[in-house]
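Taking it in order: structure first as structure tokens, then the write-up.
FYI, it's all coordinate maths here, none of it is from the lab. The structure displayed is predicted, hence computed values, not measured ones. All Cβ positions, even for glycine, are placed from backbone atoms using ideal geometry, and neighbour counts span all protein chains on display.
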Amino acid sequence: MLHLLVGTAKGLFRFHSRDRRRWESLGPVQVGTPVYTSAYSPDDGTLYAAVNSEFYGPSIRRSRDWGETWDTGGVGLQYGAEDPEKVTRVWSISPVGDGLVYAGVEASGLFRSTDGGDTWSEVTALRQHPTHETWEPGYGGKCLHTIAVDPFHSERIYIACSAGGIYRSDDAGQRWMPINQGIRADFLPEDQRYPVSGQCVHKFAVSPVRAGRIWLQNHGGVYRSDDGGSSWQSVGDSLPSDFGFSIVTHPEDADRAYVIPLEGWPRWSPDNALAVYETQDAGATWTPRRQGLPAPTYSGVLRDALTRDTAAPLGLYLGTTSGSVFHSADAGQSWQVVAEHLPRIYSVVAAAD
Amino acid sequence: MVTVYLPDDLTAEFGANNPLSLDVQTLGDLLSELDRRYAGMAGWLSEADGQVRPNLGVFVAGRRLPPGPDSESSIPSGSEVWILRAISGG
């Protein structure tokens with residue numbers, strides 16, 4: 001069974017399918033509360049949700065029955081009482097396995113649990129990095145939104161925050177280095193556009209099949225690294241816009257990736273034609289995949305609202321800021337509607353059991 | 001003893017009794033006692049510095065505590081304490 005978990009401004013909407021063609025709605029849960037993202041751990045069948053209540057604050061709730069019932073979340077997801085920053089929202093959840101889970105929060109920081117989310121503690125070295133003072137809030141907040149453990153090097157962790165940039169640790173979080181060399185910061189004065197840190201990286205995706213390859217959608221600019229982020233090559237010049245939020249890798253072909261170009265403002269598709277762009281040649285060329293997607297449209301797709309499964313042919317899934325969910329069962333060649341008229345969509349997660 | 005009324009959605013999430021009779025003298029005591037009975041509840045109601053979350057209102061003996069009441073706020077014996085969700089959202 002394939003499960004589609006759609007985090008929205010007013011709850012988590014659930015769909016499932018046996019054949020990736022007919023989708024059954026299981027209805028919303030955490031109703032009325034913003035759910036920024038979710039994550040599934042196949043190790044133990046736990047579904048995690050970033051529930052950011054306007055009343056009760058942020059929590060990482062867990063369900064073992066695909067969202068029918070939830071616990072109240074673990075403890076420790078706070079900065080210290082004397083800390084000038086507060087944890088106000090959870091933006092990312094990354095289960096690694098054997099009870100190890102990372103979570104990214106606003107104000108930007110990284111938490112770790114080694115007991116599957118019962119207790120959380122901050123990975124303090126990240127916010128202690130001297131470049132922390134260069135971090136500022138973007139339009140969505142000052143958030144750590146992307147976490148990845150390198151599939152070829154279990155001690156290597158990547159994170160990205162907005163604005164702040166992408167960072168890497170090679171020792172499981174004890175020391176961090178900014179790896180933004182070559183990534184542009186359009187919002188800074190012309191002579192300061194390549195700083196060490198402070199970039200507004202919107203999303204990155206680590207290739208699961210080629211060591212060192214990372215794809216990155218920046219606040220202006222699409223990049224590829226082949227050396228674990230030590231250097232970056234701009235690969236977005238031929239796109240109709242190199243602004244966007246989301247970027248997705250192919251599960252088997254390291255040279256394929258998917259982005260959704262948006263106008264820098266007002267952050268909807270160029271010419272109001274929603275399209276996923278695919279590269280099959282490591283970013284040299286990009287091809288629009290829009291058959292079945294609406295036009296004109298006046299909505300965008302946020303950083304966690306484009307995802308994929310691991311099937312062949314590849315399944316792609318996206319959710320729009322105007323509450324529509326689309327899926328493709330042929331690697332983007334054609335698209336069908338899964339749902340419409342949902343609240344503003346923050347995230348789409350595909351998980352199989 | 002004081003009588004504490006919690007928001008319905010909070011009691012549903014934690015399976016809590018409502019209202020509760022608690023032997024507490026301050027807001028800090030109250031949060032600690034709630035957390036002892038229902039693990040994690042204090043983190044839902046207050047921030048790391050002990051202040052009540054901004055979109056919650058706390059009424060003690062009919063009077064609303066100032067925004068962001070802290071753990072030292074006193075609760076006279078015999079009071080009714082209401083913790084309510086604020087007007088918020090859209």
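For the ranges A:89-96, B:77-84, what's the packing order if you count other beta-carbon atoms within 10 Å of each residue, average per peptide, and put the highest first?
A:89-96, B:77-84
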Alpha-carbon spread of segment A:154-206, three principal axes, descending order, Å: 38, 19, 15
Cα-based reach from residue A:203 at 22 Å (exclusive), listing lysines while leaving out same-chain residues under 8 positions away: A:142
Rounded if a/c under 1.5, otherwise prolate or oblate - segment A:170-328, Cα gyration tensor axes: oblate
Helix-only CD estimate at 222 nm, as mean residue ellipticity for the protein assembly as shown, using -39500 (n - 2.57) per DSSP H run (n ≥ 4): -1500 deg cm²/dmol
In Å, descending, principal axis extents of the Cα set of chain B: 37, 28, 24
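Would you work out the charge dipole size for the protein assembly as shown about its Cα centre, treating the Cβ of every Lys and Arg as +1 and the Cβ of every Asp and Glu as -1, and quote it to the nearest 20 debye? It would help to have the intermediate numbers written out before the result.
Numbers: 36 positive and 53 negative charges, 193 e Å.
Result for the protein assembly as shown is approximately 920 debye, rounded to the nearest 20.
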Positive-end residue, the protein assembly as shown charge dipole about Cα centroid, Cβ charges, pick of A:58, A:264, A:298: A:298
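Peptide B:34-46: average number of partner chain Cβ atoms within 10 Å per residue? Mind dumping the intermediate values first?
Values: counts 0, 1, 0, 0, 1, 4, 8, 2, 1, 11, 8, 3, 3.
Mean partner-chain Cβ count within 10 Å for B:34-46: 3.
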Surrounding net charge for residue A:38, when Lys and Arg each add one and Asp and Glu each subtract one, Cβ distance under 11 Å: +2
Interchain or long-range residues, amide H under 5 Å from residue A:38's placed H: A:50
Distance between segment A:1-51 and segment B:30-90 - C-alpha centres, whole angstrom: 32 Å
Principal axes of segment A:272-332: Cα extent on each, largest first, Å: 30, 24, 21
Rg over Rh [alpha-carbon atoms, Kirkwood Rh] for segment A:5-87: 1.05
Estimated FRET transfer efficiency when R0 is 25 angstrom, pair residue A:265-residue A:134 (beta carbons, to 0.05): 0.60
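Please report the net charge: other residues with Cβ closer than 14 Å to the Cβ of residue B:80, K and R +1, D and E -1. Intermediate results must be reported in sequence, preceding the final value.
Working: positive: B:63, B:64; negative: none.
Spelling it out: positives minus negatives among the neighbours equals +2.
With a 10 Å radius around each residue's Cβ, average the other Cβ atoms per peptide and rank B:58-70, A:324-336, highest first. Intermediate values should be presented prior to the final figure.
On the way: B:58-70: 14.1, A:324-336: 20.2.
Packing order, densest peptide first, comes out as A:324-336, B:58-70.
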Per-selection metrics, segment A:122-246 (Cα): Rg and Dmax in Å: 13.6, 40
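Given a cut-off of 36 Å, what percent of all Cα-Cα pairs of the protein assembly as shown lie beyond it? The partial results should precede the final answer.
On the way: 27639 of 97903 pairs.
So the portion of pairs separated by more than 36 Å is 28 percent.
Once the convex hull of the C-alpha atoms of segment A:87-133 is built, how many Å³ does it hold per residue, rounded to a whole number? Don't skip to the end; give the middle numbers.
Values: hull volume 3.3 nm³, N = 47.
Taking only Cα atoms, segment A:87-133 has a hull volume of 70 Å³ per residue.
What is the order of A:40, A:56, fewest Cβ neighbours within 10 Å to most?
Details: A:40 20, A:56 24.
By the 10 Å Cβ count, ascending: A:40, A:56.
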q = 0.15, 0.16 Å⁻¹: log10 I(q)/I(0) that the Debye formula gives for segment A:42-187, counting C-alpha atoms only: -0.75, -0.85
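How shielded is A:300-309 by partner chains, expressed as the average number of their Cβ atoms within 10 Å of its Cβ atoms?
Mean partner-chain Cβ count within 10 Å for A:300-309: 0.
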